[in-house]
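> Below is one structure. I have some questions about it.
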Amino acid sequence: MGAGPAGIEAAAALAASGCGVVVFEKNERPLSNITDKACLFPNFESADTVAAQLLAKLSHPNISLQCGHDVSCITSAGTDPAAGWRVDDESFDAVLLATGYTTFNAKRKEELGYGIYPGVHTSLELEQMIRNKEIRNSISNLPKRIVFLQCVGSRDEKTGNHYCSKLCCVTAVKQAIEVKKLLPSVEAYVFYMDLRMWGQHYEELYRTAQQEYGVKFVRGRISEAGGTFDGRVQIKAEDTLLGLPLRMTSDLLVLMVGMESSDGTRRLSTLCDICGDYGFAQSLDPHLRDNLTPRQGLFVAGACKRPMTLTDSVVDGRSAAFAILSAADNK
Amino acid sequence: MNKFGFNIATTRSINLDSANLSKSAALQELVPSYRYCIGCGACSATCSAASMTDFNIRQVHFKFSRGQYDGLVDELNKCMLCGKCVLVCPRGVNTRALIINMRKLLEE
């Protein structure tokens, strides 16, 4: 289920091992969470190039891709747990849930003004501007200042999302660099609670942003945003390293929206009885059986389990293929 | 006019729209490592002056970079330029050069 990076990688690995694979994708095209990006962290590789390489894997003769097919029904094929699965009208030996994530709806944080003030955007909208190489403020001028705010819909009791979405930190650093590349005179500020640069080369990217691009980092969470008469955004925060309140106006405020379980993930994992915290699909255990579920022949991979990067998802997809093949051998 | 003892309170808030960031920009030219700080506080933890006074080099650095120059000369005069802060900085900020140059810029 799902033609994202995890689903495609798993399908390719299974097909290469001689299995027949059907990939169900609810959208009209696969990889919609990759093709809406400009470049990927940490090496600024073009998202389109990576998407094309992943798509090429689907051309294996053992794979049938069914786009625009929103699966409505997954059930066991019989009372015997080894009987396999039925997905809508077709029968399968194994089912892999790779239904991915969606982003947090920023309108839920009303105090940050998304959908109210025209200068407030989500990180996805900024990504689109970067992709089109056209970054403008709300009155179509080149911006002089741009402010990024981390942890919108993550690490936040008020939205019910206690978890860290883990890749927004490096995304903001990447986007700030891309903005500075396109518009070198822009002042870029990143407001953060902690900067979690956990991946290889992420910390270096953060340093590059400071060193080569002069991106400014302020430790503090923006408490509220308001509109100004000229279409800009006024923000209030505390500079917690100084212990002083701080305010400023900016042409753009970019909300780094976190990852949430997608509708498909919520619906299908509930249907299969493996829906865990925050609507993510739950594996058997996070260490050694992370692609398995309590139900025989049902497997999980990718960002339907928790926030994951593209790299993590691809590796997890491959690992799920291996888990499926091992289960088939032991049958 | 009788003001009945009332006056207008000034805000403690930093306003980055009206702040004068010219000295901060000049410091960046003089000491390029100035902008690498991540605010870890290793410099102020090891500081010889901080054990005897309320000198806090990390805060002085941040105040300077936000254009809050009031009172900083007196603060910087508490530093003895021992240079221990340079040794502990994980980002390689030349804090000693920073202090000397901040002082110069503030006295200009």
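> Given the criteria touching a residue at least 40 places away in the same chain (Cβ under 8 Å), within 17 Å of A:Ala106 (Cα to Cα), surrounded by fewer than 16 Cβ atoms within 10 Å (Cβ to Cβ) and assigned by TED's automatic domain parsing to the domain that holds A:Gly227, does A:Gly153 qualify?
no
> So is B:Ala97 more than 10 Å from chain A (Cβ to nearest Cβ) and small (Gly, Ala, Ser) or not?
yes
> Could you please find all residues in segment A:232-276 being of a type in the set (Asp, Glu) and either over 30 Å from A:Met1 (Cα atoms) or facing chain B (nearest Cβ under 9 Å) (or both)?
Residues satisfying the conditions are A:Glu238, A:Asp239, A:Asp251.
> Mind checking which pairs have a first residue in segment B:2-21 that is within 28 Å of A:Val218 (Cβ to Cβ) and without any contact (Cβ under 8 Å) to a residue 12 or more places away in the chain and a second that is among the acidic types (Asp, Glu) and surrounded by 10 or more Cβ atoms within 10 Å (Cβ to Cβ), Cβ under 7 Å, 6 or more apart or different chains?
From residues that are within 28 Å of A:Val218 (Cβ to Cβ) and without any contact (Cβ under 8 Å) to a residue 12 or more places away in the chain, there are no pairs.
> Okay, next question. Here is a list: A:Lys166, A:Lys158, A:Lys181. Which entry is closer than 17 Å to A:Met256 by Cα, surrounded by fewer than 17 Cβ atoms within 10 Å (Cβ to Cβ) and among the basic types (Lys, Arg)?
A:Lys158
> Inspect segment A:140-149 for any residue being polar (S, T, N, Q) and either within 26 Å of A:Asp48 (Cα to Cα) or in contact with a helix residue (DSSP H, G or I) (Cβ under 9 Å, 6 or more places away or on another chain) (or both) and give the result as yes or no.
No.
> If you don't mind, another one. Could you run through segment A:119-138 and say how many residues are in contact with a Lys or Arg (Cβ under 9 Å, 6 or more places away or on another chain) and assigned to a loop (DSSP other than H, G, I, E, B)?
Qualifying residue count, segment A:119-138: 3.
> Another question, if that's okay. In segment A:66-112, which residue that is aromatic (Phe, Trp, Tyr) and surrounded by 21 or more Cβ atoms within 10 Å (Cβ to Cβ) is nearest to the chain's Cα centre (by Cα)?
Per the stated criteria, the residue is A:Tyr101.
Matching residues to (1) within 14 Å of chain A (Cβ to nearest Cβ); (2) surrounded by fewer than 20 Cβ atoms within 10 Å (Cβ to Cβ):
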{"residue": "B:Phe4", "(1), (2)": "no, yes"}
{"residue": "B:Leu16", "(1), (2)": "yes, no"}
{"residue": "B:Ala19", "(1), (2)": "yes, yes"}
{"residue": "B:Gly39", "(1), (2)": "yes, yes"}
{"residue": "B:His61", "(1), (2)": "yes, no"}
{"residue": "B:Phe64", "(1), (2)": "yes, no"}
{"residue": "B:Leu72", "(1), (2)": "yes, yes"}
{"residue": "B:Leu106", "(1), (2)": "no, yes"}
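> Could you tell me whether B:Thr10 is part of a loop (DSSP other than H, G, I, E, B), closer than 17 Å to A:Leu246 by Cα, more than 11 Å from chain A (Cβ to nearest Cβ) and over 15 Å from the mean Cα position of the chain (by Cα)?
Considered against the rule, which asks whether it is part of a loop (DSSP other than H, G, I, E, B), closer than 17 Å to A:Leu246 by Cα, more than 11 Å from chain A (Cβ to nearest Cβ) and over 15 Å from the mean Cα position of the chain (by Cα), B:Thr10 comes out as yes.
> Still on this model: Taking the condition hydrophobic (A, V, I, L, M, F, W, C) and at pLDDT 95 or above, does B:Met102 pass?
Yes: the conditions hold for B:Met102.
> Now for a different question. Take A:Arg266 and decide whether it is part of a loop (DSSP other than H, G, I, E, B) and either assigned by TED's automatic domain parsing to the domain that holds A:Asp93 or surrounded by 17 or more Cβ atoms within 10 Å (Cβ to Cβ) (or both).
no
> From the list B:Val73, B:Val86, exactly one residue is of a type in the set (Val, Ile, Thr), over 15 Å from the mean Cα position of the chain (by Cα) and assigned to a helix (DSSP H, G or I). Which is it?
After applying the criteria, what remains is B:Val86.
> Sort through A:Val186, A:Val215, A:Val190 and tell me the only one that's of a type in the set (Val, Ile, Thr), under 29 Å from B:Ala26 (Cβ atoms), more than 13 Å from chain B (Cβ to nearest Cβ) and touching a Lys or Arg at 6+ places or on another chain (Cβ under 8 Å).
Of the residues listed, the single one that is of a type in the set (Val, Ile, Thr), under 29 Å from B:Ala26 (Cβ atoms), more than 13 Å from chain B (Cβ to nearest Cβ) and touching a Lys or Arg at 6+ places or on another chain (Cβ under 8 Å) is A:Val186.
The values are calculated or read from the model by the stated rules, or taken from the named source; none is laboratory data. Here the structure is a predicted model, which means the values were calculated and not measured. Every residue, glycine as well, gets a Cβ built from its backbone with ideal geometry; the counts of neighbours run over all protein chains shown.
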